[in-house]
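The values are calculated or read from the model by the stated rules, or taken from the named source; none is laboratory data. No experiment lies behind these values; they were computed from the predicted model shown. Please note: Cβ atoms are built from the backbone with ideal geometry, for glycine as well, and neighbour counts cover all protein chains shown. What goes into the accessible areas is simple: the full protein's heavy atoms, side chains included, and nothing from ligands, DNA or RNA. Shrake-Rupley method; radii C 1.70, N 1.55, O 1.52, S 1.80 Å.
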Amino acid sequence: MMERLQKVIAQAGICSRRKAEELILNGKVKVNGKVVNVLGTKVRGDDNITVNGKRIDKEEKIYFVLNKPKGCVCTVKDNKEGRKTVLDYVPSEHRLYPVGRLDYDTSGVLLMTNDGDFTNKMIHPRYHLPKTYEVNIQGILSDDDIRKLRKGFTFEGETYAPAKVFVREKDYSRDRMQLTLTIFEGKNHQVKNMMKALGKEVRRLNRYQFGNVTVDGLRPGECRKLKRHDVKELLKMAEDGAKE
C-alpha cells in the first residue's frame, strides 16, 4: 500500500501534516537516500524515510484523554522550574503530544497522542469540532450578550463564530454567573477573550467535552486510553465538520 509522504511523516508523530509539507518543500526529507521536495509523492511501507537526517520509525498509534488539572502546562518541556507539564500525568513509553492547548489555569478534557495526522484534524479550524466548556464568570451576561454569543460577533477585529450557550446559574448577590459554552473554533484563549469582549472576567474554566469525549469518572490528573470507537467517532465528526 502506498501513501502520501506528508501523511506518513505526520502519522509517525513527528509533526502535523502541514508542517510535514513545509519540510518536504524545504528539502529536509529524503526517501531511500534521495531528497524529495514534491508534494504528493507516494511512498511504500518499507521505504527508508529521513526527516532532518533522522530516520522516522512507524510507531503504534496511541490516544489518551487526560483530565488536565489546573496548574500544569500543555507543553512537552517547560522553561520555568517547578511547574508540571501534562506529560507528567500520562504514563506511556511512546512520544506523546497534547492535541491543542489548555491554559495553565484551565482544567478538563485534553487529548494526547503520537498521531500527527489525527492531531491536525482535531485542531484545524476547517473541521469545526465542538468543544464544550463550563464557565464561571464575574458579572452577569445580558440577554443581548447571550444573543451575540449565539449569533457570532466581531470585537476589535476578531470574529467569533456562533456558539451554543446554556445558562446554568445567576448569582446576583455575588455578581457571578455560570454557563455552559460550546464553541466550534480553536483560537488561543478563545473563551476568555469572548467573555472579555463582553466586559466579563472568567473566574473558572473547565473543558467538559471535546467532540464525543468527556472525562467522566476521571479525577484531575487521571487519564485513560481512548477506545478505538472514540477515535473513529472523533475522525468522523471532523470529516462531517469539514463538509459544513
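In segment 2-53, the qualifying residues are those that are at pLDDT 85 or above, in a helix (DSSP H, G or I) and not aliphatic (A, V, I, L, M), and the one that is least open to solvent (accessible area, probe 1.4 Å) is Gln6. Summed over segment 209-238, residues that are surrounded by fewer than 18 Cβ atoms within 10 Å (Cβ to Cβ) and either under 18 Å from Gly71 (Cα atoms) or of a type in the set (Asp, Glu) (or both) total 8. The condition of being touching a residue at least 60 places away in the same chain (Cβ under 8 Å) and among the basic types (Lys, Arg) holds for only one of Lys77, Lys84, Lys68, Lys54, that being Lys68. Considering only residues in segment 64-92 that are modelled with pLDDT of 85 or more and of a type in the set (Lys, Arg), the one that is most open to solvent (accessible area, probe 1.4 Å) turns out to be Lys70.
Scanning segment 169-211 for residues that are out of contact with any Gly (no Cβ under 8 Å at 6 or more places or on another chain) and polar (S, T, N, Q) yields Ser173, Gln178, Thr180, Thr182, Asn188, Gln190, Asn193, Gln209. Listed by first and then second residue, the pairs with beta-carbon distance under 6 Å, at least 6 apart or on different chains, first residue in segment 122-135 and in contact (Cβ under 8 Å) with a residue 40 or more places away in the chain and within 13 Å of Leu102 (Cβ to Cβ), second assigned to a helix (DSSP H, G or I) and not acidic (Asp, Glu), are Tyr133/Val191. One residue stands out among those in segment 98-131 that are more than 25 Å from Lys61 (Cβ to Cβ) and either surrounded by fewer than 16 Cβ atoms within 10 Å (Cβ to Cβ) or of a type outside the set (Val, Ile, Thr) (or both): the one that is nearest to the chain's Cα centre (by Cα), which is Asp103. A residue that is closer than 18 Å to Asn120 by Cβ and not β-branched (Val, Ile, Thr) cannot be found anywhere in segment 75-89.
Out of the residues in segment 183-208 meeting the condition of being part of a loop (DSSP other than H, G, I, E, B) and at pLDDT 95 or above, tell me which one is most open to solvent (accessible area, probe 1.4 Å). The selected residue is Gly199. Being within 19 Å of the chain's Cα centre (by Cα), at pLDDT 95 or above and within 23 Å of Leu226 (Cα to Cα) is a property that holds for Glu134. Screening Asn136, Asn67 for residues that are in contact with a Pro (Cβ under 8 Å, 6 or more places away or on another chain), in a strand (DSSP E or B) and over 22 Å from Gly241 (Cβ atoms) leaves exactly one candidate, Asn67.
Comparison of Leu39, Leu96 shows that the only residue that is in contact with a helix residue (DSSP H, G or I) (Cβ under 8 Å, 6 or more places away or on another chain), under 14 Å from Gly13 (Cα atoms), in contact (Cβ under 8 Å) with a residue 12 or more places away in the chain and aliphatic (A, V, I, L, M) is Leu96. Of Leu102, Leu111, all but one fail to be under 20 Å from Phe64 (Cβ atoms) and part of a strand (DSSP E or B); the exception is Leu111. Take Arg95 and tell me if it is part of a loop (DSSP other than H, G, I, E, B) and open to solvent by 40 Å² or more (accessible area, probe 1.4 Å). Yes. Looking only at segment 150-178, residues that are part of a strand (DSSP E or B), among the aliphatic types (A, V, I, L, M) and under 16 Å from Pro130 (Cα atoms) come to 1 in all. Quick check: is even one residue across segment 168-178 out of contact with any Leu (no Cβ under 6 Å at 6 or more places or on another chain), in contact (Cβ under 8 Å) with a residue 40 or more places away in the chain and either among the polar types (S, T, N, Q) or under 30 Å from Lys121 (Cβ atoms) (or both)? Yes - at least one qualifying residue is present in segment 168-178.
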